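The values are calculated or read from the model by the stated rules, or taken from the named source; none is laboratory data. Since the structure is predicted, the reported quantities are computational estimates derived from the model, not experimental observations. Here the Cβ positions follow ideal geometry from the backbone for every residue, glycine too, while neighbour counts run over all protein chains shown. Side chains are part of the model used for accessible areas, which takes the heavy atoms of the whole protein and leaves out ligands, DNA and RNA. Shrake-Rupley method; radii C 1.70, N 1.55, O 1.52, S 1.80 Å.
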Amino acid sequence: MKKLPVGIDSFEKLRREGFYYIDKTGLIRDLLNNWGEVNLFTRPRRFGKTLNMSMLKSFFEIGTDKSLFDGLAISKETALCEAYMGKFPVIFISLKGVDGLTFEDAYERLRFIIRTEMSRLGFLLQSERAKEESKRPFERFLNEQETKTDVVGSLNILSRLLYEHYGQKVLLLIDEYDAPLLDVVHEEKNLPVLRDIMRNFYSPLKACDPYLRFVFLTGITKFSQLSIFSELNNIKNISMLPEYAAICGITEEEMATQMDEDLDILAGRMGISREKTVQKLKDNYDGYHFTWPSPDIYNPFSLLNAFADGRLDSYWFGSGTPTYL
């Protein structure tokens, strides 16, 4: 029996420590066959967006441990793996911790997250190719003396230095891009300020074109009314495309085949037949459709918790509802 990954969104941790991993590596093939310059993918909270981003990082990033993908669907795509696995510099920023805060706290959290990724890539400061005009703001950011201008230019700095260091275009992954805005979307005072910061944070992506292979953004919704992407005219929204219908969540087939033993255990703990257990799970956690056509999608957070606890409950709703909703 594999362990149930309740609340774990690190692909590497799941694979190294013997947790269940519902194989979503087909996303890699679909992206490579049909990627845009800037891709946007939206799904509800706790549906596995961060885990997918972590998986993409593990696949593409230079120096990756290729054994993490042994036995997964993507490992059968031999030519694709040889051409792309472990071949790209990657910037991975998750903004999921920047919601539910005051404006000041949200901005400080944003700076901390960017600084953390800069620290992870701090070896770039030793690169002979690094230009002095890029190193200075980089070092100033790490020394916590940055200004708003440095936040705005941070993606440009990282993209440029990685490109110059490796001679290879960069993959930029931004998880929960809209998190900083969710809790201030109705506040007259703070929304315009934070919106301008986020717009200026994302707007340099256009200037980064020479350094970026592609950009992948996830979030809960597309904030078209806030114009934070006003300078980006190359966004491809893949959220409602049929080939991505089951990228987040767990399908009934995945549950029946990859979690077969857990179904039997849950049925035993509930004292009912397997067939009745499947029906109760379907009644409570099934029925999500994000495209047409689409398989039935089970809420992964609730499903995993039900298997772990041996009972059914309102796990997803009980985990917290954003004030935006």
### Query
Hey, which of these cross-link pairs are over 27 Å Cα-Cα: 96/222; 66/236; 13/282; 2/276; 3/236?
66/236; 13/282; 3/236
### Protein accessible area in the stretch 1-81, 1.4 Å probe - carbon and sulfur %
44
### Query
What shape does the stretch 1-69 have by the C-alpha gyration tensor, where a ≥ b ≥ c are the square roots of the eigenvalues, rounded means a/c under 1.5, and otherwise prolate means a/b greater than b/c and oblate the rest?
oblate
#### Entry: Cβ crowding within 10 Å averaged over residues, with 246-252, 166-172 ranked highest first
246-252, 166-172
### Message
Show log10 I(q)/I(0) for the stretch 1-129 at q = 0.14, 0.18, 0.22 Å⁻¹, two decimals, from a solvent-free Debye sum over equal Cα scatterers.
### Response
-0.77, -1.18, -1.44
### Task
Please label the shape of the stretch 243-325 as rounded, prolate or oblate, based on the square roots a ≥ b ≥ c of the eigenvalues of the alpha-carbon gyration tensor (a/c under 1.5 means rounded; beyond that, a/b larger than b/c means prolate, else oblate).
oblate
## Note on the structure
Output ordering of 103-111, 115-123, 208-216, 87-95 (per-residue mean of other Cβ within 10 Å, highest first) is 87-95, 208-216, 103-111, 115-123
